[in-house]
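K.L.:
Below is a structure I'd like to ask you about.
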Protein chains: 2
Amino acid sequence: MNDDPRIILLAHGSSDQRWCQTFEKLATPTLESVAGSRIAYMELAEPSLETIIRDGKEDGINTFIIIPLFLAAGRHLRKDVPGMIEELQAAHNVTITLAPPIGENPQLGNAIRDVVNQALER
Amino acid sequence: MNDDPRIILLAHGSSDQRWCQTFEKLATPTLESVAGSRIAYMELAEPSLETIIRDGKEDGINTFIIIPLFLAAGRHLRKDVPGMIEELQAAHNVTITLAPPIGENPQLGNAIRDVVNQALER
């Protein structure tokens with residue numbers, strides 16, 4: 001039995017494939033660094049959060065940590081995602097924790113500064 | 001005369017003050033590092049993009065570079081913001097360049113990996 005939680009990077013999702021590709025690139029360093037981690041979309045794209053929870057359950061995973069690839073918490077993270085989590089926990093008998101969005105970590109602000117300075121050097 | 005472009009960090013905006021506060025914190029390292037830089041909101045919050053362009057023009061600035069605090073380019077960055085830029089350029093006789101969203105820079109992916117690893121250590 002594996003008690004390690006599975007990390008899920010949750011992006012908003014879009015019907016525009018270019019939008020999803022940007023998130024897949026953003027997620028790649030994490031997916032390569034954190035064993036078993038996955039990307040999932042809240043809506044409009046696959047894999048959905050439900051798909052990833054169901055797959056994890058089949059792999060014997062019972063606990064999940066969702067790290068939102070969002071810069072800030074709006075209605076989606078304050079209301080929609082907690083509602084989805086409640087339903088998924090009941091439906092699949094798993095424990096799902098919602099972490100703060102990545103943008104609330106000060107490291108992101110420093111990365112933005114570096115990106116801007118790099119853009120200015122060009 | 002000052003020929004340096006003014007850097008504008010453009011966030012989406014929200015009527016939720018907590019949302020805007022997260023973006024203000026995210027912008028702080030850049031605002032402290034890049035002389036004259038400003039944050040602006042696309043909608044639902046102040047200062048608006050128009051406010052920042054008008055203020056810049058009064059300061060003698062004629063060129064602006066918008067760096068979107070967005071992880072990926074969706075409808076807003078492909079359509080709405082270019083439309084706003086076209087109108088603002090004509091109304092204020094300025095030149096405005098739209099840079100790619102910060103999430104298209106590979107450094108952001110590395111920062112996300114670091115944030116996730118930090119969250120896992122806790």
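Coordinate-derived values only; no laboratory data. Computed from a predicted model, the values in this text were never measured in an experiment. Note: ideal-geometry Cβ built from the backbone for every residue, glycine included; neighbour counts use all protein chains shown.
Here's the yes/no breakdown for (1) touching a residue at least 60 places away in the same chain (Cβ under 8 Å); (2) facing another protein chain (nearest Cβ under 7 Å); (3) over 27 Å from residue A:9 (Cα atoms); (4) surrounded by fewer than 18 Cβ atoms within 10 Å (Cβ to Cβ):
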{"site": "B:86", "(1), (2), (3), (4)": "no, no, yes, yes"}
{"site": "B:91", "(1), (2), (3), (4)": "no, no, yes, yes"}
{"site": "B:99", "(1), (2), (3), (4)": "no, yes, no, no"}
{"site": "B:103", "(1), (2), (3), (4)": "no, yes, no, no"}
{"site": "B:117", "(1), (2), (3), (4)": "no, yes, no, yes"}
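K.L.:
Right, next: Take the conditions more than 10 Å from chain A (Cβ to nearest Cβ), under 23 Å from residue A:107 (Cα atoms) and within 11 Å of the chain's Cα centre (by Cα) and apply them to residue B:8. Does it pass?
P.N.:
When the stated conditions are applied, residue B:8 passes them.
K.L.:
So which residues in the range A:48-84 are crowded, with 16+ Cβ neighbours inside 10 Å, more than 24 Å from residue A:28 (Cβ to Cβ) and touching a Leu at 6+ places or on another chain (Cβ under 8 Å)?
P.N.:
Scanning the range A:48-84 gives a single hit, A:84.
Residues are listed down the side, and each one gets a yes or a no for (1) free of Cβ contacts under 8 Å to residues at least 24 places away in the same chain; (2) within 14 Å of chain B (Cβ to nearest Cβ); (3) more than 20 Å from residue B:71 (Cα to Cα):
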residue: A:24; (1), (2), (3): yes, yes, no
residue: A:36; (1), (2), (3): no, yes, yes
residue: A:55; (1), (2), (3): yes, no, yes
residue: A:95; (1), (2), (3): no, no, yes
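K.L.:
Criterion first (of a type in the set (Ser, Thr, Tyr), facing chain A (nearest Cβ under 9 Å) and more than 23 Å from residue A:75 (Cα to Cα)) does residue B:30 satisfy it?
P.N.:
The answer is yes for residue B:30.
K.L.:
Of the numbered conditions (1) more than 28 Å from residue A:15 (Cβ to Cβ); (2) more than 11 Å from chain A (Cβ to nearest Cβ), residue B:81 fails exactly one; give the number of that condition.
P.N.:
The number of the failed condition is (1).
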